[in-house]
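What follows is calculated from the coordinates using simple rules that are stated; it is not laboratory data. The structure displayed is predicted, hence computed values, not measured ones. Note that we place each Cβ from the backbone using ideal geometry, even for glycine, and neighbour counts take in every protein chain shown.
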Ligand SMILES: Cc1cc2nc3c(=O)[nH]c(=O)nc-3n(C[C@H](O)[C@H](O)[C@H](O)COP(=O)(O)O)c2cc1C
């Protein structure tokens, strides 16, 4: 998620769930081809399985960037066809591409030719007044024909004018029924649903019909919802770590990053929701918010922020 997630966030989430597939935020082809490639693509080996999401619409550029992603070791390359922001529309990528199924299909084809890892598409259910089910089927059909390995559908249409991207995250209403119908019409295609999923009960219910569930905001604000995913969804009986252990395991990583010049806040901001809904959550958040930005702040900010009763005990 742009401006929210990054490699530090993924490292942290991976300590909570070993099997959940993690995605990068959208990275534009321009940033990779003309910018600081290493900054956008580097990741820690422990982040696997991890998918790179690309924003762009030029098939040759998308293929070059997919190749770069595969060389860096990403497990999947995903195309963003869901972002509604103006900046993205001006660049002719993101959700506006739902109106150009052939362009997206050309990208899929070029990327499939370039890499061996799966190439997937994240779309909406429609845009503006182009939101008939028939148009969605045409869009999906074109991607299937081009070789798209899986589709993730944000079950809310995108308004490209009149709503801010922030408003468009909650309006108009979610339409899970459309995604479920899509699965009936494309039974051989791996289809994941995204949008509004708040807990694993809901995810498990959707997984009875669908192939995957993608969780965005809730996983960021309340990352502990991922802790039961390995057992419940991936049938891995290894017990999840405690929250306390997750912090302990973050500390060497944080020290390494601090030594490399990364400010503590760049990492600690992702940890604020760890105790969401638990005693001490407010103290945890407040302590980090008040101390992580101070000059010289280091790992001790986190150990001192741990709710006292949690320091020695398993949580
Ligand atoms: C701050 C923010 C940044 C986002 N950035 C991306 C992005 O880079 N790529 C993407 O596919 N979706 C992005 N999204 C959309 C989410 O991936 C997701 O589709 C949307 O929030 C609905 O799912 P949720 O209800 O589980 O959050 C972003 C959402 C937010 C709130």
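Residue 282 to residue 209: extension gain in nm, 0.36 nm per residue of separation minus the Cα-Cα distance? Working shown, then result.
Details: separation 73, 0.36 × 73 = 26.28 nm, distance 3.79 nm.
Roughly 22.5 nm would be gained on extension.
Roughly how tilted is helix 243-259, in degrees to the nearest 10 and between 0 and 90, from the longest Cα axis of the chain?
Its long axis makes an angle of about 80 degrees.
Could you line up 34, 221 from fewest to most neighbouring Cβ atoms inside 10 Å?
If I rank by nearby Cβ atoms, fewest first, I get 34, 221.
How compact and how long is region 243-310, expressed as Rg and Dmax of its alpha-carbon atoms in Å?
11.2, 34
Can you give me the relative contact order of region 7-232 as a percent, contacts being Cα pairs under 8 Å and 6 or more apart?
It rounds to 17 percent for region 7-232.
Along the Cα→Cβ direction, 7 angstrom out, place labels at residue 1 and residue 181. What is the inter-label distance in nm?
According to this spin-label approximation, the distance is 2.9 nm.
Tell me, rounded to the nearest percent, the portion of alpha carbon pairs in region 145-204 spaced more than 12 Å apart. Please list the in-between numbers first.
Working: 1259 of 1770 pairs.
When every Cα pair of region 145-204 is considered, 71 percent fall beyond 12 Å.
Any chance you could tell me what percent of the C-alpha pair distances in region 135-268 go past 19 Å?
64 percent
Going 7 Å from the Cα of residue 86 toward and past its Cβ, which residues in region 2-36 have a backbone nitrogen under 19 Å from where you end up?
3
What whole-number value in cubic angstrom gives the convex hull volume per residue for the C-alpha atoms of the chain?
Normalising the Cα hull of the chain by residue number yields 138 Å³.
Quick check: the angle from helix 59-72's long axis to the longest principal axis of the chain, C-alpha only, nearest 10 degrees?
30 degrees
May I ask you to list the residues of region 45-80 whose amide nitrogen lies under 14 Å from a point 7 Å from Cα along the Cα→beta-carbon direction of residue 256?
Within reach of a label on residue 256: 45-48.
Can you give me the three principal axis dimensions of region 1-63 from its C-alpha atoms, in Å, biggest first?
Between the extreme Cα coordinates on each principal axis of region 1-63 lie 36, 20, 19 Å.
Rank these for me by crowding, 157, 166, going from fewest to most other beta carbons within 10 Å.
166, 157
With a 10 Å cut-off between alpha carbons and a GNM built on the chain, which of 184, 256, 217 moves the most?
Ranking 184, 256, 217 by mean-square fluctuation puts 256 first.
Helix 176-185 versus the longest principal axis of the chain: what angle, 0 to 90°, nearest 10, using Cα atoms?
50 degrees
For region 216-256, what are Rg and Dmax over the alpha carbons, in angstrom?
Spelled out, the Cα radius of gyration and Dmax of region 216-256 are 12.0, 33 Å.
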